[in-house]
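First up is the structure itself, then whatever we jot down about it.
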Amino acid sequence: MTSAKYDVLAIGNALFDVLVRAEDDFLVKHGMAKGGMALIDEARAAAIYADMGQATEMSGGSAANTIVGLANLGARAAYVGKVKNDQIGRLYSHDIRAAGVTFDTKPASDGPATGCSYILITPDGERTMNTYLGAAQDLGPADIDPEQIAAAALIYLEGYLWDPKNAKEAFLKASQIAHGAGRQVALTLSDPFCVDRYRDEFLELMRSGTVDLIFANESELHSLYQTSDFDSALNQLQNDVGLGVVTRSEKGCAVVAKDAVTLVPAARIEKLVDTTGAGDLFAAGFLFGLARNAGYENAGRLGALAAAEVIQHIGARPQVSLKELAQQHGLPV
Ligand SMILES: OC[C@H]1O[C@H](O)[C@H](O)[C@@H]1O
């Protein structure tokens with residue numbers, strides 16, 4: 001195995017976020033399931049946007065947020081995702097490159113606009129996402145560069161990639177190349193409703209060894225194993241995958257290896273503002289810890305710290321240097 005050019009390469013739905021504070025009534029009025037991610041068409045996107053108040057607009061996308069967090073921590077990072085060559089797509093490409101991430105995916109020159117997620121943040125800090133996939137629909141196997149995949153020590157994939165029509169082929173191609181090059185493959189389960197749509201396929205990815213590492217939050221884990229019993233779900237996860245990391249909000253996380261479970265506490269916060277990107281930034285910190293061989297305990301602490309930063313402001317991208325934050329907390333960077 002040759003030495004890796006990138007610590008992590010992430011593949012995901014490239015989405016621009018439109019975030020706004022809203023009362024719970026807004027969700028009821030528009031028939032939204034609180035805390036979830038719903039796929040919407042252009043007409044519904046227009047209707048939701050027309051009813052939204054003044055918004056914060058910024059680049060997002062789950063795996064993209066993770067890779068930006070990794071670069072912010074000092075990792076060598078690359079991203080694969082599809083935007084259109086329109087104004088938002090160009091802005092998106094600028095932002096991710098400005099964060100220090102290599103981003104070479106060819107933008108679509110025709111077809112739907114760059115995808116957007118319309119995100120409502122209720123007073124309890126919970127986010128409810130409505131995603132118009134747009135150009136992200138067109139990510140496919142041709143966007144996977146074998147040389148680039150093989151040059152990453154780990155590839156990180158979103159469960160959300162199971163939604164667009166061709167992205168799962170890109171996912172499987174990338175996993176095959178990565179494993180052929182002796183690299184690791186991680187998957188985030190993304191969303192409990194997403195798990196509900198693709199439960200059998202996700203379990204197959206784990207049991208067949210197509211993925212080596214799983215990130216899930218508690219509701220995704222319960223959805224995966226269709227049980228409300230946390231311990232039983234954790235046992236099943238331990239059987240099904242080499243390494244599982246389960247986040248539990250203020251209860252911290254559980255790192256589930258074949259031979260042991262490591263419990264790591266959450267980081268302290270002053271005020272919960274917006275949970276958008278919490279899981280994404282947790283994954284960034286955890287993967288950074290793995291890349292630095294810092295051990296599961298430190299990796300979990302890095303994840304918890306990065307998640308704590310992002311939930312104390314609006315938007316899913318870090319607003320401070322996570323590297324300096326980790327240093328201030330005595331964590332290895
Ligand atoms: O996990 C949060 C992200 O998921 C969605 O994909 C949004 O773009 C948002 O940035």
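Taking the conditions exactly as written (in contact with a Lys or Arg (Cβ under 7 Å, 6 or more places away or on another chain), more than 16 Å from the ligand (Cβ to nearest atom) and modelled with pLDDT of 95 or more), does Val256 satisfy them or not?
No; evaluated as a whole, the condition is false for this residue.
Inspect all residues belonging to region 125-132 and state whether any of them is among the aliphatic types (A, V, I, L, M), in contact (Cβ under 8 Å) with a residue 60 or more places away in the chain and either within 29 Å of Ser3 (Cβ to Cβ) or open to solvent by less than 10 Å² (accessible area, probe 1.4 Å) (or both).
no
Among the residues making up region 296-320, those that are open to solvent by less than 40 Å² (accessible area, probe 1.4 Å) and not hydrophobic (A, V, I, L, M, F, W, C) are Gly300, Gly303, Glu309, His313, Gly315, Arg317, Pro318. So which residues in region 258-284 are among the hydrophobic types (A, V, I, L, M, F, W, C), touching a Phe, Trp or Tyr at 6+ places or on another chain (Cβ under 7 Å) and surrounded by fewer than 22 Cβ atoms within 10 Å (Cβ to Cβ)? The answer is none; no residue qualifies. Based on this model, can you work out whether Leu205 counts as assigned to a strand (DSSP E or B), closer than 15 Å to Tyr160 by Cβ and either open to solvent by 50 Å² or more (accessible area, probe 1.4 Å) or not charged (D, E, K, R) (or both)? No, not satisfied.
Of the residues making up region 240-256, those that are open to solvent by less than 10 Å² (accessible area, probe 1.4 Å) and in a strand (DSSP E or B) are Gly244, Val245, Val246, Cys253, Ala254, Val255, Val256.
Just one of the numbered conditions (1) buried (at least 19 other Cβ atoms within 10 Å of the Cβ); (2) within 16 Å of the ligand (Cβ to nearest atom); (3) not in a helix (DSSP H, G or I) is not true of Glu57: (1). When region 109-124 is limited to residues that are open to solvent by less than 10 Å² (accessible area, probe 1.4 Å) and touching a helix residue (DSSP H, G or I) at 6+ places or on another chain (Cβ under 7 Å), the one that is farthest from Ser3 (Cα to Cα) turns out to be Thr122. Checked against (1) more than 16 Å from the ligand (Cβ to nearest atom); (2) in a loop (DSSP other than H, G, I, E, B); (3) over 22 Å from Gly285 (Cβ atoms), Ala4 passes all but condition (3).
Whether any residue in region 22-31 is open to solvent by 10 Å² or more (accessible area, probe 1.4 Å), within 16 Å of the ligand (Cβ to nearest atom) and in contact with a helix residue (DSSP H, G or I) (Cβ under 8 Å, 6 or more places away or on another chain) is what I want to check. Looking through region 22-31, none of the residues is open to solvent by 10 Å² or more (accessible area, probe 1.4 Å), within 16 Å of the ligand (Cβ to nearest atom) and in contact with a helix residue (DSSP H, G or I) (Cβ under 8 Å, 6 or more places away or on another chain). Among the candidates Ala78, Ala136, Ala71, Ala64, the residue that is within 19 Å of the chain's Cα centre (by Cα), buried (at least 17 other Cβ atoms within 10 Å of the Cβ) and not in a helix (DSSP H, G or I) is uniquely Ala78.
The values are calculated or read from the model by the stated rules, or taken from the named source; none is laboratory data. It should be emphasised that the depicted structure is a prediction, and the values quoted were computed from it without experimental measurement. As a convention, Cβ positions derive from the backbone with ideal geometry for all residues, glycine included, and neighbour counts pool all protein chains shown. Calculation scope for accessible area: heavy atoms of the full protein, side chains included, ligands and nucleic acids excluded. Shrake-Rupley method; radii C 1.70, N 1.55, O 1.52, S 1.80 Å.
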